[in-house]
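Before any comments, here is the structure.
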Amino acid sequence: MLDLETRAQLVATIRRFVDDRLIPAEAEVAEQDAIPSDIIQEMRDLGLFGLSIPEEFGGLGLGMADKAALIFEIGRAAPAFRSIFATNVGIGSQGIVIDGTPEQKAAYLPRIASGELIGSFALTEPDVGSDAGSVRTSAVRDGAFYVLNGTKRFITNAPLAGLFTVMARTDATQKGARGVSAFAVEAGMPGLSTGKPEKKMGQQGAHVCDVIFENCRVPASALIGGVEGMGFKTAMKVLDKGRLHIAAACVGLAERIIDDMMDHAVTRTQFGKSIADFQMLQVMFADSRAEAYAARAMVEDAARRRDAGEDVSVLASCAKMFASEMVGRVADRNVQVHGGAGYIREYRAEQLFRDARLFRIYEGTTQIQQGIIARAMASEARERAGL
Ligand code: COS
């Protein structure tokens, strides 16, 4: 864990980077649908690609609370900027960090930490979204290899990825989660191809596409952890961490949007006075502030508990659900406070409104988080009742 002074310095460095480099480049990134290479290099130099990779592999090895403190800051910029390194920090590396063999860690983590290799997480399929246990992509053992067949869909950073964490079914007789294994598959393997980047509602500059496996032979050593049937659990552990990360990003974006909203409100005059003084708008300001504060407190609490070794799977779902819904409300109010200007591209309100929409969907929809939370509540209640 970082000492408080080092954490404060890192937070201040990232805040400067966001204010000086990222926010001013937002319009260009949205327009070009690409993040300039000099900005990506500065992110590498800041160590952003390796925030959560252990120090022995060249990362910063941050715990969840430290990482959340930095993601609150990065989250203030348009989400596409975070997306470029977020898979390396989160879902594209943590399968190997949590469950990888020593050889897999040594082979990939140093290059993931430096940002030389982009890691990507391939779980979703055309017919497998929320029901992640019914993965259809198959991995059939053939001597010293597995042969992969199937299609993965909407895979973040796939066009750039050098390494995929792929969930595939190794046991066709097991229809559910137990038949799924995780593989570390390098891009460029014969039989692995990527589709055309999708046109999206928002987050221009971040790219998603299909990943297609056609008789793709990967060495048996690519099986994460070297044990079959553990892939779904690996994916769930990765998502527990990922959901807190997303919640932190939502808090950062909400705080930024609130600043934008207030900057506009205090400078805009109607009916002879600042619109910041109209009571109906004050309700929106105050609700936004209180809700963002609540989400920040949830993320900080869950992150601290995770660092202390608690199982925070349910808390991560609570934080992800609340924070992603919260930023949606805040982004919507910001459009409203901006009035007509809120609907015009030149002002950032409409872009951030579109960008924020994804948070309620990826890494588990709000409804999936609600299911996880409610299921745990019922199981606790049954235990109390001795049922
Ligand atoms: N950590 C470790 N293990 C976990 C776990 C977690 N957070 N959650 C579940 N497991 C284990 C269970 O304990 C169970 O183990 P056993 O078979 O040994 O009993 C196994 O995994 C299967 O769990 P479960 O029965 O809960 O699986 P379900 O098929 O019911 O799926 C949900 C549960 C819906 C929660 C899961 O499929 C999910 O998270 N879906 C959303 C997927 C998602 O986020 N997709 C976004 C794409 S990735 S960007």
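Assorted remarks:
- Working note: Cα gyration tensor of the chain, eigenvalues times five, square-rooted, sorted largest first, giving semi-axes of 36, 23, 20 Å.
- Semi-axes of the equivalent ellipsoid for the range 119-227, computed as √(5λ) from the eigenvalues of its C-alpha gyration tensor and ordered from largest down, come to 23, 16, 11 Å.
- Binned Cα-Cα distance frequencies in the range 326-387 - 10 Å width, integer %: 22, 29, 20, 16, 10, 4
- Of the complete DSSP H runs in the chain, those spanning 30 angstrom or more by Cα along the long axis with a mean Kyte-Doolittle score not below 0.0 are 231-267, 313-338.
- Debye log10 I(q)/I(0) for the range 144-297, one point scatterer per Cα, at q = 0.17, 0.20, 0.21 Å⁻¹: -1.02, -1.23, -1.29
- Leading residue at positive end of dipole, the range 151-249 (Cβ point charges), from Gly205, Ser193, Ser221: Gly205
- Solvent-accessible surface (1.4 Å probe) assigned to Glu125 amounts to roughly 10 Å².
- Solvent-accessible surface (1.4 angstrom probe) belonging to Ser130, in square angstrom, nearest 10: 80 Å²
- When the chain is treated as a GNM with alpha-carbon contacts under 10 Å, the residue of Gly309, Gly100, Gly242 showing the greatest mean-square fluctuation is Gly309.
- Part-to-part distance (alpha-carbon centres) for the range 285-363 and the range 66-101, which is given in Å: 17 Å
- Compared with the alpha-carbon gap, the fully stretched path from Ala172 to Arg15 is longer by 51.6 nm at 0.36 nm per residue.
- For the range 28-128, accessible area per residue (1.4 Å probe, heavy atoms of protein chains only), Å²: 32 Å²
- Across the chain, Cα pairs under 8 Å and at least six residues apart give a relative contact order of 16 percent.
- Heavy-atom accessible surface of Asp66, to the nearest 10 Å², is about 0 Å², with a 1.4 Å probe and all protein chains retained.
- Beta bridges by DSSP in the chain, antiparallel share as percent, to the nearest 5: 85 percent
- Which listed pairs, of Lys105/Lys200; Lys152/Lys233; Lys67/Lys199, have C-alpha distances above 26 Å, in listed order: Lys105/Lys200; Lys67/Lys199
The values are calculated or read from the model by the stated rules, or taken from the named source; none is laboratory data. Predicted model, so just to flag it, every value in this text is computed and none were measured. When we count neighbours, we look across all protein chains shown, and the Cβ atoms used for this are built from the backbone with ideal geometry, even at glycine. Accessible surface areas use protein heavy atoms only, side chains included; no ligands, DNA or RNA. Shrake-Rupley method; radii C 1.70, N 1.55, O 1.52, S 1.80 Å.
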